[in-house]
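Just so it is clear, none of the values below were taken in a lab; they were calculated from the coordinates. What you see is a predicted model; the values in this text were computed from it and never measured. Every residue, glycine among them, receives a Cβ derived from its backbone with ideal geometry; neighbour counts consider all protein chains shown.
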Amino acid sequence: MTVEMQPSTGLKAAIEQRRAARAFHSEAITQAVLQQILQLGVRAPSGYNLQPWRFIVVQEQQNKDKLKACAFNQRQVGEAPVVLICCGDRRVGQMENIESVIQLGREAGAINDDYADYMRSQVPPFFENHPSFESIEAWTNRHTMLAVAHIMIVAKNLGVDSCPMEEFSTAQIKEAFNIAAEVDVCCLLALGYAAEPFKQYGGRFSLDQVCFSESYGQAFSLSSSP
Ligand SMILES: Cc1cc2nc3c(=O)[nH]c(=O)nc-3n(C[C@H](O)[C@H](O)[C@H](O)COP(=O)(O)O)c2cc1C
């Protein structure tokens, strides 16, 4: 089932209007909207296209209540019609997944024999040496949160509110939802239609506080030329 639907709001408005909703109406998200959100969410980029994100889609009330108990009883977990347990699978660097990515790329016409061999030779040492991350968990988080960001923006673009959450017990969730030891729980994401009290925009630091020019700590400003 693929349903094309028009976004209810523009991309800029979706980004500006997204708030971390703390309360939700009971109104369901249609399966077609949920499908669109998830399908566009997993268009996120990933290193070597390994796609480590995994989502447990929790919709049954008894399971949301179970999850709420693992998340310090946060109201939005029990109220939102859909809550995603957003996970990252550390096993994607194994040859079995590398071959699946190669197969996928071949079917899409994007991977030839040379690139397939490059992947087979490059990915295993990348995970052994991991020069750009300290632990594989940091790597799974890096990627899963990118997909989560996609999901939140796509959802808002379709009129669906969200709340990302890190206040939960990983150990409790892993046990309650049969999550393997090699899989990290990166965050929870409630999805639905926000109810009052609406969360106000808390502001963001200005660009000159968070951007640097050429070297860390060096003042950044946009030049006057376009
Ligand atoms: C990774 C992450 C974890 C968060 N964890 C929680 C949480 O456990 N509970 C909660 O109510 N909000 C949580 N938030 C929402 C933040 O409080 C919220 O994004 C922040 O205050 C900025 O507000 P805004 O998203 O409405 O602009 C989390 C946000 C992120 C990105």
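When the chain is treated as a GNM, springs tying every alpha-carbon pair under 10 Å, which of 129, 141, 73 comes out with the largest mean-square fluctuation? The residue that fluctuates most here is 129. The Cα atoms of the range 40-153 cover 51, 32, 24 Å along the three principal axes, with the biggest extent listed first. When the alpha-carbon atoms of the chain are used, the pair Rg, Dmax equals 19.7, 58 angstrom.
Normalised by the number of residues in the range 143-196, the average gap of Cα pairs under 8 Å and 6 or more apart makes the relative contact order 45 percent. Comparing 140, 170, 30 in a Gaussian network model of the chain where C-alpha atoms under 10 Å apart are linked, the largest mean-square fluctuation is found at 30. Highest-first packing order for the peptide set 32-39, 192-199, 181-188 is 181-188, 32-39, 192-199, based on the mean count of other beta carbon atoms within 10 Å.
Suppose we keep just the DSSP beta bridges with both residues in the chain; what percent of those would be antiparallel, to 5? Walk me through the numbers on the way to the answer.
Numbers: 21 of 22 bridges.
Within the chain, antiparallel bridges account for around 95 percent of the total.
Note on the range 123-226: along the principal axes its Cα atoms extend 55, 49, 23 Å, ordered by decreasing extent. Take the alpha carbon gyration tensor of the range 87-169, find the square roots of its eigenvalues, order them as a ≥ b ≥ c, and report rounded if a/c is under 1.5; if not, report prolate when a/b exceeds b/c, else oblate. Oblate.
Over all orientations, the range 160-215 has a Cα convex hull whose mean projected area works out to 7.4 square nanometres. Using just its DSSP H runs of length 4 or more, each adding -39500 (n - 2.57), the chain gives a mean residue ellipticity at 222 nm of -12500 deg cm²/dmol after division by all residues.
When Lys and Arg each count +1 and Asp and Glu each count -1, what net charge do the other residues less than 14 Å away from residue 89, Cβ to Cβ, add up to? Mind dumping the intermediate values first?
Details: positive: 54, 90, 91, 142, 174; negative: 96, 137, 182, 184.
Net charge in that neighbourhood comes out at +1.
Can you tell me which lysines have their Cα less than 16 Å from the Cα of residue 156? Leave out same-chain residues fewer than eight positions away. Output for residue 156: 12, 199. Checking every one of the chymotrypsin sites (Phe, Trp or Tyr not before Pro) in the range 43-112 against DSSP loop status and a limit of 13 other Cβ atoms within 10 Å picks out 72. Per the Kirkwood formula applied to alpha carbons, the range 13-105 shows a radius of gyration over Rh ratio, Rg over Rh, of 1.04.
Looking at the chain as a GNM with Cα springs under 10 Å, which of 54, 18, 204 has the largest mean-square fluctuation? Of 54, 18, 204, the Gaussian network model singles out 204 as fluctuating most.
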